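Let me begin by presenting the structure, written as structure tokens, before commenting on it.
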Amino acid sequence: QQLFELFVVVSLHKKASEMTYTPQIIQQFPSKPEHPFRQSKDTEERLKVIPKFCFPDPKDWFPASDLKSETFSFVLTGEDGRRWFGYCKKLLPEGKGKRLPEVYCIVSRLGCFNLFSKILDEVEKRREMSPALVHPFMRSVMEAPFPAPGRTITVRSFLPGGGNEVMELCRPLDSRLEHVDFECLFKCLSVSHTIRVFASLLLERRVIFVADNLSTLSKCGHAAVATLYPFTWQHTYIPVLPTSMIDIACSPTPFLIGILSCSLPQLQDLPIEEVLIVDLCADKFLQEVSDEDEILPHKLQAALVQILEERSEILSHEQSDTQGDMPLNSLVSEAFVQFFVEIVGHYSLHMNVTEKGERVFQRELFRKSHVSRNVRHFLHFFMETQMFAGFIQDRELSK
């Protein structure tokens, strides 16, 4: 397995007869995608949509002489249900005067934002020296061995004037938090709003994040999905939705999507009902179902809120006690996992084994066995979700 499957450069183009720009791939590495990318039936479709995700807002771009580079990511889901991550850096090409930005995009099966952000920083550094240095560097990255969790790989490349340079890339030990930045989520949303988003996702409702930059949208989307562990979001998940695809917000099925603030007027023109629209920049709900605070069992919600509200104090206390560094991501993730332990931790007691050796889950016995009436009420709804069905099915099939 390779660290990434594809590296593209996307720029904006406009025909003389057109009013708006269209994003197009102007460079691709490797030029002929190698196995396993080639074998995917929807590779061609994926190559068509990548430019839209690199520039979800093409109509809002104008030539500029100065632009702060921005790193963001998107997710593509294939026909087989597997996810591909796109890691992007938007910057101005070399030159003087006003010019349009380009996006450098790495497509990988590996969800690890920090690792690929580091690679993109190196791409930007080399491109400032000479665009010709980018492809040899990406070849070195592609040829590097795929790192196991917790392992570091070294990438050697040549820099004019600097000789051979060695870069170390470390893959985090806990792979489920590789793509997560809870700090960004809590900078944008209060704990009470975060909990209501979490509750809405648990019942597989429709949730839309709105922000004025791509980085905030992608980080908050990934963090929101991570709160569901050990369950998995089974539905449409597009952390950054191109404006041209905004009709997806009318879908009657569950989704978590992110849109840029500039697309908000178009969103508000659509006939959308039963949706939670979250303004990440103002920490407020633009539209809600209104029962979001009543979904979770009250005692367990209060315990979860307390840990999240006191996260700074808990972290500083942990560090002084253990002389170690307990990251915020671990603390937050453990708080949500503990919530699930209290609610469904007893599931294994209701997994019967038939004479044929098959494991069968006793649904009603499981639900009725919980001592809390509030939890039983919550389980009545939660057990109807696809994420609960998938969780139980995985355990029925495991030996």
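If we count other beta carbons within 10 Å of each Cβ, what is the order of Cys112, Cys170, fewest first?
So the residues, fewest neighbours to most, are Cys170, Cys112.
Compute the acute angle (0 to 90°) between the alpha-carbon long axis of helix 386-397 and the principal axis of greatest extent of the alpha-carbon atoms of the chain; round to the nearest 10°.
Computed tilt is about 80 degrees.
If you bin the C-alpha pair distances of segment 6-176 every 5 Å from 0, what whole percents do you get?
1, 7, 16, 20, 20, 16, 11, 6, 2, 1, 0
If r is the Cβ-Cβ distance from Gln28 to Lys59 and R0 is 22 Å, what FRET efficiency results, to the nearest 0.05?
Result of the calculation: an efficiency of 0.35.
Label Leu67 and Phe340 with points 7 Å out from Cα along Cα→Cβ: what is the distance between them in nm?
Taking the simple label geometry, Leu67 and Phe340 are separated by 3.9 nm.
Taking neighbour Cβ counts within 10 Å as the exposure measure, how do Tyr87, Tyr237, Tyr229 sort from fewest upward?
On the way: Tyr87 26, Tyr237 18, Tyr229 14.
Ascending Cβ contact count within 10 Å gives the list Tyr229, Tyr237, Tyr87.
For Lys219, give me every one of the aspartates and glutamates with a C-alpha distance below 12 angstrom, ignoring sequence neighbours fewer than eight places off in its own chain.
Those aspartates and glutamates meeting the cut-off are Glu178, Asp181, Glu183.
Could you list the residues of segment 365-399 with an amide nitrogen less than 15 Å from a label point located 7 Å from the Cα of Glu294 in the Cα-to-C-beta direction?
Within reach of a label on Glu294: 374, 377-378, 381.
Could you work out the Rg to Rh ratio of the chain, with Rh taken as the Kirkwood radius (inverse of the mean 1/r over all Cα pairs)?
0.99
So for His317, His235, His179, fewest C-beta neighbours within 10 Å to most, what's the order?
By the 10 Å Cβ count, ascending, the order reads His317, His235, His179.
Please state the charge dipole magnitude for the chain, taken about the Cα centre, from unit charges on C-beta atoms (+1 on K and R, -1 on D and E), reported in debye and rounded to the nearest 20.
1100 debye
Report the gain in length on full extension from Val166 to Arg139: 0.36 nm times residue separation, minus Cα-Cα distance, nm rounded to one decimal.
8.3 nm
If I fit a long axis through the Cα atoms of helix 311-322 and take the longest principal axis of the Cα atoms of the chain, what angle between them do I get, 0 to 90°, rounded to 10?
It works out to around 90 degrees.
Which of the three applies to segment 184-294, rounded, prolate or oblate, going by the alpha-carbon gyration tensor with a ≥ b ≥ c and a/c under 1.5 meaning rounded?
Working: a/c = 1.32, a/b = 1.18, b/c = 1.12.
Here segment 184-294 falls in the rounded category.
Residue farthest toward the positive end of the dipole of the chain, with Cβ of Lys/Arg at +1 and Asp/Glu at -1: which of Leu379, Pro136, Ile238?
Highest projection toward the positive end goes to Pro136.
Explain nothing, just the number: relative contact order of the chain, from Cα pairs under 8 Å at least 6 residues apart, as a whole percent. Intermediate results must be reported in sequence, preceding the final value.
Numbers: 628 pairs, mean separation 50.8, N = 399.
The normalised contact order for the chain reaches 13 percent.
For Val191 and Gln393, compute 0.36 nm times the residue count separating them, minus their Cα-Cα distance, and round to one decimal in nm.
Values: separation 202, 0.36 × 202 = 72.72 nm, distance 3.19 nm.
Stretched fully, the Val191-Gln393 segment lengthens by 69.5 nm.
Which part of segment 364-386 falls in the paramagnetic zone of Val353, meaning amide N under 11 Å from the point 7 Å along Cα-to-beta-carbon?
none
Per-residue counts of other Cβ atoms within 10 Å, averaged by peptide: what ranking do you get for 143-149, 2-8, highest first?
Those peptides, ordered most packed to least, come out 2-8, 143-149.
Values in this text are rule-based calculations from the coordinates and carry no lab data. Bear in mind that the values here come from a model prediction, so they are computed numbers and not experimental data. Note that we place each Cβ from the backbone using ideal geometry, even for glycine, and neighbour counts take in every protein chain shown.
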